[in-house]
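Note sheet for the following structure.
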Ligand SMILES: Nc1ncnc2c1ncn2[C@@H]1O[C@H](COP(=O)(O)OP(=O)(O)OP(=O)(O)O)[C@@H](O)[C@H]1O
Ligand SMILES: [Mg+2]
């Protein structure tokens, strides 16, 4: 339903998206997971024909984004990262205007607005000015707006950015329900691990404009071994040689941090003592846990993503973006 | 993606927004009324008698001023509505509009028509009130004056949005106000006649479409105009056409995201 091949975007000297390729099947919820500035938004904009790729090509709903952007646009819905509602109009008016300028058949428009508002449970707020909506309601309104055209493909750019956990869970419900009832193909970007894990069928991890890993959340986690042991030591470089000699899959995460991918941490731990022998006294800290996508990210990029909870920084960033635009 | 439905719905948006913001409506009505009352009554009791009638081409000062204030109200409301594109950009709404498959000219035109409708409606209410202070003006020609007003409103909403697309931030707003709005008002002949201005001011005055708009409405409502109505109308038509085209070009150039 979506296919990208060598998609690239350069802004003067900066390569925001660097030859990425992926496929999204019909009815799939596909996640683009990556930290700030990874190139998620730029990718979405190219797929939604709002930005011209510098190189490469992509097809959405069977149409080329470079050759027939008009056709692509007829088959997609998009929720932008930053709010794009008219705050001084009611929710209903926002949907009505959207429907009209996006060419929803006039005879059906009112019925579709009613259904869309019902779907996101905002019927009772239809007549209220949007500036009085909470952040979660605002996002739901934007989702409803993107649904008016009954798109085959839906792009959601960080749909839960800055929302509290309840509102976020609610948004996931709507997204899943949409796929179930309409079979909509959904591409969602996020930097929340938990979101990618719980919501997406498949995930591509994107970092500095490149896709570093791709697969279902389970596959990605399994690739790391089922569990990870972390060793902190000032002599990490000496330790890692020993560990590798013993045939363990060890990676240096930072000058003082080693990650060991093992099938079972509890069984591997005693073996560690044997392998390291005398060196064990240089180990300052041992911890282990079942891998999350966070570890997958760490594994492929050597860097931490970010906390999985929405925080104040998110909000500030969001506001700053709104300003910038 | 019908052109007309996009125009219609943008018209709807501008009018509805205005209707939803009632305090603003009162505010922008109050300002020109205050001008009429204080500026108007202040001067008309200072400059009076046959001398004044000569200065103002046979009119008393209130009758001279009222059409000027009517046009001032149209100018300010429509110019500011045009500039408010910058708010749409700031709040992200411009992205929603520009990302749509609707022709951008249609979006621009609908917006301009909506804003112009609003400013005419407001100015008409104002003129009714002004009639009480300036009994010398005639409302019989109001329909024609409204047409002139509408042409002027098309000019100034377009001008406002052209400028807004050039502005980077809200801060430029004050600069625009000081260096465009104020000089255009003072040069327009709304408050004092143009023919007694120093030559350089007079030349400048005839560059601004507002001058022709004030002259035409004064001719229609108070019975005196400096230029023939046809000349004023032609100047306004030409300006409206040029500014609409430029504004459409600015919408087309604007980038999304
Ligand atoms: N219009 C632009 N001009 C120049 N550089 C840009 C532009 N848009 C994005 N960039 C740069 O491209 C890179 C990728 O940006 P992008 O917005 O796609 O990242 P993102 O993954 O969406 O990040 P975030 O989580 O912050 O939204 C960033 O370094 C950004 O500064
Ligand atoms: Mg982004």
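What follows draws every value from the coordinates through simple rules; no lab data is involved. All of these numbers come straight from a predicted model, not from anything done at the bench. All Cβ positions, even for glycine, are placed from backbone atoms using ideal geometry, and neighbour counts span all protein chains on display.
Odds and ends about this structure:
- The ranking of B:211, A:8 by Cβ neighbour count inside 10 Å, starting from the fewest, reads A:8, B:211.
- Inter-label distance, nm, simple model (7 Å from Cα along the C-beta direction), residue A:54/residue A:131: 4.0 nm
- Range of Cα positions in segment A:203-260 per principal axis (Å), largest first: 35, 25, 16
- Separation of alpha-carbon centers, segment A:74-108 and segment B:17-36, rounded to whole Å: 29 Å
- Cα centroid separation - segment B:48-120 against segment B:133-179, whole Å: 3 Å
- Each listed q (0.21, 0.27 Å⁻¹) maps to a log10 I(q)/I(0) for segment B:1-48 from the Debye sum over equal C-alpha point scatterers, namely -0.75, -0.90.
- A protection proxy built from the mean count of other Cβ atoms within 10 Å ranks the segments A:232-241, A:94-103, most packed first, as A:94-103, A:232-241.
- Residue among A:13, A:249, A:68 with the largest mean-square fluctuation in a Gaussian network model of chain A, springs linking Cα atoms under 10 Å: A:13
- The angle between the Cα long axis of helix A:312-324 and the main principal axis of chain A comes to about 50°, on a 0 to 90 degree scale.
- Principal axis extents of the C-alpha atoms in segment B:3-252 (largest first, rounded to whole Å): 62, 37, 34.
- Inter-chain Cβ neighbour count for A:79-86, averaged per residue, equals 5 (cutoff 10 Å, partner chain atoms only).
- Kirkwood hydrodynamic radius (C-alpha pairs) into Stokes-Einstein, segment B:117-244, 20 °C and 1.002 mPa s, D in µm²/s: 138 µm²/s
- FRET efficiency estimate (nearest 0.05) - Cβ-Cβ, residue A:266 to residue A:182, R0 35 angstrom: 0.20
- For residue B:51 and residue B:138, the FRET efficiency from 1/(1 + (r/R0)^6), where r spans their Cβ atoms and R0 equals 25 Å, is about 0.55.
- From least to most packed, judged by other beta carbons within 10 angstrom and beginning with the fewest, B:137, A:20 follow the order A:20, B:137.
- For chain A, share of DSSP beta bridges that run antiparallel, in % to the nearest 5: 65 percent
- Helix B:61-83 axis, angle to chain B major axis (alpha carbon atoms, nearest 10°): 10 degrees
- Across the alpha-carbon atoms of the protein assembly as shown, the computed radius of gyration and Dmax are 31.7, 115 angstrom.
- Average partner coverage of A:99-108, which counts Cβ from other chains inside 10 Å: 5
- Remark: mean inter-chain Cβ contacts per residue of B:12-18 equal 4, using a 10 Å Cβ-Cβ cutoff to other protein chain atoms.
- Note on segment A:7-86: along the principal axes its Cα atoms extend 32, 31, 25 Å, ordered by decreasing extent.
- When the alpha-carbon atoms of segment B:13-139 are used, the pair Rg, Dmax equals 18.6, 62 angstrom.
- Approximating the spin labels as points 7 Å out from Cα along Cα→Cβ, the residue A:121-to-residue A:286 distance works out to 4.7 nm.
- Helix B:229-253 and the longest principal axis of the Cα set of chain B meet at an angle near 20°.
- Pair residue B:30, residue B:170: separation of 7 Å Cα→Cβ label points (nm): 2.1 nm
- Chain A shape via C-alpha gyration tensor axes, a/c threshold 1.5: prolate
- DSSP bridge pairs, the protein assembly as shown: antiparallel proportion in percent, nearest 5: 65 percent
- Over chain B: helical MRE at 222 nm, DSSP H runs n ≥ 4 each giving -39500 (n - 2.57), nearest 500: -23500 deg cm²/dmol
- Burial ordering of B:9, A:296, A:275, fewest other beta-carbon atoms within 10 Å first: A:275, B:9, A:296
- With 0.36 nm allotted per residue and the present C-alpha distance subtracted, the residue B:254-residue B:202 stretch has 15.1 nm of extension available.
- Mean-position separation - Cα centroids, segment A:153-199 and segment A:17-52, in angstrom: 15 Å
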